[in-house]
Amino acid sequence: MRHQVSNDQASFAALAAATLALMAVTAFLLTTSGATTRGWVQQKQTDSSPASLDKSTITEPTTTPDVSKVASVETIVGHSVEGRPLVCRTIGDGEYVVLMMASIHGNEAAGTPLLNDLAKQVVETPDLLTGVTLVLLPVVNPDGVESGQRYNARGVDLNRNFPAENRQNSSRYGLNALSEPESLAIYQVINDTLPNHIVTLHEPLQCVDYDGPAKELAAVMSEFCPLPVKKLGSRPGSLGSYTGVTLGIPTITFELPGNAATQSPELLWRFYGEALIQAVLYRHPTSE
Ligand SMILES: [Zn+2]
């Protein structure tokens with residue numbers, strides 16, 4: 001459903017084709033010159049109309065990226081209530097650890113293709129990962145995604161199930177902290193990898209929200225995408241309350257707009273990919 005094209009986007013097909021052409025140009029530039037401008041930023045800097053790009057500049061890359069330069073490991077870190085595997089992909093082996101996750105709310109799944117595209121981008125451009133280990137949990141609530149609902153299969157809001165100081169026990173938030181296998185798996189990944197900062201992708205509040213010492217990172221990400229920084233306030237037992245406020249790890253809640261579910265992965269990457277790359281490049285000052 002999330003890739004469905006809405007009827008009011010009459011020029012969507014043309015725009016998507018132009019986007020693909022733009023990405024081809026970008027991939028070519030990245031491969032041949034190491035240029036760092038991508039996606040939304042590239043479009044801002046070149047022309048407001050991607051259709052006017054000179055097609056003659058689109059050339060097949062002459063060299064293949066050396067994917068062996070970057071380590072990439074996929075592990076199963078747990079299983080959902082209904083037994084679906086919770087996949088963790090670890091890319092790179094640097095000391096500074098960036099954790100990103102998506103689809104903790106099953107009806108907010110637009111972040112998953114973004115994280116998959118981010119993985120592809122960093123593998124193709126290993127310099128982005130200098131000194132970094134990128135830990136990705138692209139689908140942390142697979143049962144909710146399958147049924148199209150916010151909660152897990154037991155009706156618990158996983159983003160209220162963490163052992164934060166402001167936690168509240170309830171049937172909706174879980175009778176105890178970490179009562180759900182999905183939130184427990186996330187907790188264990190955090191304990192095992194000790195991330196220096198964390199980004200979680202949500203919808204539909206259309207902003208870059210943050211918990212803990214992440215004001216600067218939020219500003220950086222906002223600069224590279226069409227989402228403003230907004231402090232929404234810490235929800236009881238949320239991941240941000242736990243990692244950001246209780247543990248003091250800079251934590252971003254990257255809230256895509258409501259129409260993100262109707263946009264293609266290509267369009268999503270064009271608008272939000274650069275902000276995610278900036279989050280990979282960012283170093284929290286006290287962590288240095
Ligand atoms: Zn959400």
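None of the figures in this text is laboratory data; all of them are computed from the coordinates on show. These figures come from a predicted structure and were not determined experimentally. Heads up, the Cβs are rebuilt from the backbone with ideal geometry, glycines too, and the neighbour counts pull from every protein chain shown.
Excluding residue 188 itself, what net charge comes from residues whose Cβ is under 15 Å from its Cβ, given Lys and Arg +1 and Asp and Glu -1?
Net local charge, residue 188 excluded: -3.
Where q = 0.09, 0.18, 0.21 Å⁻¹, what log10 of I(q)/I(0) comes from the Debye formula for region 113-254, counting one point per Cα?
-0.28, -1.15, -1.48
Using modelled backbone amide H atoms (1.01 Å from N, in-plane), which distant-in-sequence or interchain residues come within less than 5 Å of residue 235's amide H?
Under 5 Å from the amide H of residue 235 lie the amide H atoms of 241, each far enough along the sequence or on another chain.
Run the quick spin-label model on residue 73 and residue 194: label points 7 Å from Cα toward the beta carbon, then report their separation in nm to one decimal.
Here the answer is 1.6 nm between the modelled labels.
Peptides 142-155, 102-115: what's the order by average Cβ count within 10 Å, highest mean first?
Descending mean neighbour count gives 102-115, 142-155.
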